[in-house]
1. What distance in nm lies between label points placed 7 Å from Cα along the C-beta direction at residue 19 and residue 3?
2. Between segment 238-284 and segment 149-226, what is the separation of their alpha carbon centroids in Å?
3. Take each complete run of DSSP H in the chain, measure how far its Cα atoms stretch along the helix's own axis, and keep only those covering 20 Å or more with mean Kyte-Doolittle hydropathy at least -1.0; list them.
4. Run a plain Debye calculation on segment 65-196 (Cα atoms as equal point scatterers, no solvent) and give log10 I(q)/I(0) at q = 0.21 Å⁻¹, rounded to two decimals, same order as the q list.
5. Given N residues in the chain, what is its alpha carbon radius of gyration divided by 2.2 N^0.38 Å?
6. Convex hull volume of the Cα atoms in segment 63-138, per residue, in Å³?
7. Quick one: which residues, 5 or more positions from residue 124 or on another chain, have an amide H under 5 Å from its amide H? H modelled 1.01 Å from N in the peptide plane, none for Pro or chain starts.
8. Place +1 on the Cβ of every Lys and Arg and -1 on the Cβ of every Asp and Glu in segment 178-291, take the dipole about the Cα centre, and give the residue among 233, 274, 203 whose Cα lies farthest towards its positive end.
Amino acid sequence: MILKDLGEFNFIDRIRRTVKVSKGVVKGIGDDAAVLKYKLGRYALFTSDMLMEGRHFYRSSGGYLIGKKALSVNVSDIAAMGGSPSACLVSLGVPRSLDVRFTDSLYRGIMSVARQYKIDLAGGDTVGSRKIVINIALLGEVEQNNLVLRSTAKRGDVVFVTGRIGGSLKKKHLDFTPRLKESRFLVKNFKVNSMIDVSDGLIADLGHILNASRKSGMIYEKNIPISKDAKNFNNAVRDGEDFELVFTIARSQSRRLIKTWPFKTRLSMIGEISSARNGELGIVRKNGKIEYLNKKGFSHF
Ligand code: ADP
Ligand code: MG
C-alpha cells in the first residue's frame, strides 16, 4: 500500500495507534496542539507546522509574508486550544543558491509576529534542500481551566465562527491575524466546550469537532459569513486556510457572548450540536432543504 491509498487522516491515525504516551501527555495526537503536564494549574501546549515551497507558498510572495505565515499558523493552533504562545524553534530547508535577502525578510516576517505576541525565538535547525521548507515548533501554555479541546462539544451547544470564510487564496492565507485575543477573551469569560481553527475548511474542521466529540451537527447556510473574495459558497466552506476559530458553547451563554463581544472581528452563530453519535453534519440550505455533507476537507495525499 502507498500513502495515497491510505489518505492523510488514516495515516495520522495509524501513527496514533502505534504510539503509547506517558502520563505527562494529557492530549497527544488529535488536536490542534499537544497538551502536556506542566506546572501547578497550567498545561504546556506544543504544536508544529511545516510550509513547503510550491505547496503552501511561492518564493514570489516574498520572505516577509511567508515568515509571518509560518509563525501565524502555529499561533492559530495555540489559540484554538485557548492558550497563549511563549517560545518557538525555526527549522529551515534552504537551497544553497537562495538570495540572503530572502532569508533576511523571512526572519523579519517571523520576528514581526513574534514581537506582536511576545514569542521568543529560541533556536531551530538549518539544512540544505532543493526547495524551501520552513518548520516552526511553537510552545505555549494555558490555565488548566481554560483548556479547550476538539473532543468535548456538548449536545445542544451553539456553533460559532469568527471572521469570514472563503477566498483565502487571494491573499488572506499569507497575511492573516490569528484569533488569539478573541480566543483568550472567550476562554476567560465563557465556558467554551470545543474549539478548532479552520485550516482544512469550515466543513472539514467542524467535522473534526463532531468526530472527536462523537456528535452530529446542523449548520445554516444563511448564517455562514462568506468572504467577498470567495468564488462561491461551496468553495468557501471547503477550501480552508481561513485561520478563523470555530467553537461551541451552551446555548444559555450565547446571548451574553453576542452582547459582550468586544472585537471588530465578526462573530456568527452558524449552527448547533445534536446528540446523534453518527457524526453527521447537515446543512439547512437557503431554500429550507436539508442536505447531509461529506466532511472530507483538504488532504495532503
Ligand atoms: P492542524 O491542521 O491543526 O495543524 P493537523 O491536521 O496538521 O492539525 O494534525 C492533526 C493532528 O495530527 C495533530 O495532533 C498533529 O500533531 C498530528 N500529526 C500530524 N502529522 C503527524 C505526524 N507525522 N506524526 C505524528 N503526529 C502527527
Ligand atoms: Mg489547527
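The values are calculated or read from the model by the stated rules, or taken from the named source; none is laboratory data. Predicted, not measured: the structure shown is a model, and the values here were computed from it. Note that each Cβ is placed from the backbone with ideal geometry, even for glycine, and that neighbours are counted across all protein chains shown. Quick note on the areas: whole protein, heavy atoms, side chains included, nothing else; ligands and nucleic acids left out. Shrake-Rupley method; radii C 1.70, N 1.55, O 1.52, S 1.80 Å.
1. Roughly 1.5 nm, to one decimal.
2. First find each Cα centre; the distance between them is then 6 Å.
3. 63-79, 100-116
4. -1.23
5. Rg over 2.2 N^0.38 Å, computed on Cα atoms: 0.99.
6. It is 73 Å³ per residue.
7. Correct list: 90.
8. So the residue furthest toward the plus end is 274.
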